[in-house]
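The structure appears below as structure tokens.
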């Protein structure tokens, strides 16, 4: 519908921007780290460029003092 803001539209734009940044940075960084798999390099760059706290979240359960499981 016209005139209505759709939830998530900003997320799509920011995701597209992140993808562009990652690909540009990969082009610059890849020659410096030839031993790193290109797919791994993309994952590394995505996690470095993603805003703090926006990554995957999971719950930990403590099974004994100092030992946690997901």
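Checking the structure you have, find out if any residue of the range 47-56 is modelled with pLDDT of 80 or more, surrounded by 10 or more Cβ atoms within 10 Å (Cβ to Cβ) and in contact with a helix residue (DSSP H, G or I) (Cβ under 8 Å, 6 or more places away or on another chain). Yes: the range 47-56 contains one or more residues that are modelled with pLDDT of 80 or more, surrounded by 10 or more Cβ atoms within 10 Å (Cβ to Cβ) and in contact with a helix residue (DSSP H, G or I) (Cβ under 8 Å, 6 or more places away or on another chain). Remark: pairs (first residue in the range 51-63, assigned to a strand (DSSP E or B); second residue surrounded by 10 or more Cβ atoms within 10 Å (Cβ to Cβ) and modelled with pLDDT of 70 or more; Cβ separation under 8 Å; 6+ apart in sequence or on different chains) = 61/68; 62/68.
When you check residue 70 against the structure, is it modelled with pLDDT under 75 and surrounded by 10 or more Cβ atoms within 10 Å (Cβ to Cβ), yes or no?
Criteria not met by residue 70.
The values are calculated or read from the model by the stated rules, or taken from the named source; none is laboratory data. Since this is a predicted model, take the numbers as computed values, not measurements. Quick reminder, even Gly has a Cβ in these numbers, built from the backbone with ideal geometry, and neighbours come from all protein chains shown.
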